[in-house]
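Each remark here refers to the structure printed beneath this line.
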Amino acid sequence: MAARPRPATNPDNAFFWEGVAAGELRIQRCSGCSKLRHPPGPMCPHCQSLDWDWCVASGRGHVYSFVVAHHPAIPPFEYPNAIVLVELDEGVRLVSNLLGVAPDEIRIGQPVRLEFTRVEADLVLPLFRPSPAH
Ligand code: ZN
């Protein structure tokens, strides 16, 4: 069985994966204009500041968009593979998977909540699950 690809960490995104290990969804925040951004990067696209810190997101959001991949089936992923773009309540979006719902039941705008999920013995990912409206 093929293993899932591992996160490619670098000085810009290490805080994100350290947060996942600590059970926190950390979002990069510009120190110049306070805007949040994801995925992490070295420079603020709004004010060009190179200074940043991070905050911990609530883990609540909604399905902004999604795609259901059927082909080609790439191990170790299961197909159909529903890939969702979650918009967090904090306003940034991240790509993830949705747990506990059939791909044909996913809806745009559907409320979701974060669930750190151990997908392999040494790999935890920030995945999402449908949640009651919040
Ligand atoms: Zn900025």
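The values are calculated or read from the model by the stated rules, or taken from the named source; none is laboratory data. Model, not experiment: these values are computed from the prediction. All Cβ positions, even for glycine, are placed from backbone atoms using ideal geometry, and neighbour counts span all protein chains on display. Accessible surface is based on the protein model in full, side chains and every heavy atom, while ligands, DNA and RNA are left aside. Shrake-Rupley method; radii C 1.70, N 1.55, O 1.52, S 1.80 Å.
What tally of residues in the range 89-108 results from selecting those that are in a loop (DSSP other than H, G, I, E, B) and either open to solvent by less than 40 Å² (accessible area, probe 1.4 Å) or of a type in the set (A, V, I, L, M, F, W, C) (or both)?
At the first step, the residues of the range 89-108 found to be in a loop (DSSP other than H, G, I, E, B) are 89-92, 99-102, 106-108.
Checking the rest, the ones that are also either open to solvent by less than 40 Å² (accessible area, probe 1.4 Å) or of a type in the set (A, V, I, L, M, F, W, C) (or both) come to 92, 99, 101-102, 106, 108.
Within the range 89-108, residues that are in a loop (DSSP other than H, G, I, E, B) and either open to solvent by less than 40 Å² (accessible area, probe 1.4 Å) or of a type in the set (A, V, I, L, M, F, W, C) (or both) number 6.
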Residues that are farther than 19 Å from Phe128 by Cα and part of a helix (DSSP H, G or I), drawn from the range 6-24:
Ala14, Phe15
Test result for Pro5, more than 14 Å from the ligand (Cβ to nearest atom), open to solvent by 80 Å² or more (accessible area, probe 1.4 Å) and closer than 23 Å to Leu123 by Cβ
yes
Residue pairs, Cβ under 7 Å, 6 or more apart or interchain, first in the range 122-133 and in contact (Cβ under 8 Å) with a residue 12 or more places away in the chain, second of a type in the set (S, T, N, Q). List them.
Val124/Thr117; Leu125/Thr117; Pro126/Ser96; Leu127/Ser96; Leu127/Asn97; Leu127/Thr117; Phe128/Ser96; Pro130/Gln110
Identify all residues within the range 25-60 that are within 13 Å of the ligand (Cβ to nearest atom) and outside any loop (DSSP other than H, G, I, E, B); write none if there are none.
Gln28, Arg29, Cys30, Leu36, Arg37, Trp52, Asp53
Has the range 104-112 got any residue that is within 16 Å of the ligand (Cβ to nearest atom) and of a type in the set (Asp, Glu)?
no
Tally up the residues in the range 66-103 that are modelled with pLDDT of 95 or more and on the phi > 0 side of the Ramachandran plot, please.
1
Regarding Val86, is this residue open to solvent by less than 80 Å² (accessible area, probe 1.4 Å), closer than 20 Å to Val20 by Cα and either touching a Gly at 6+ places or on another chain (Cβ under 6 Å) or touching a residue at least 60 places away in the same chain (Cβ under 8 Å) (or both)?
yes
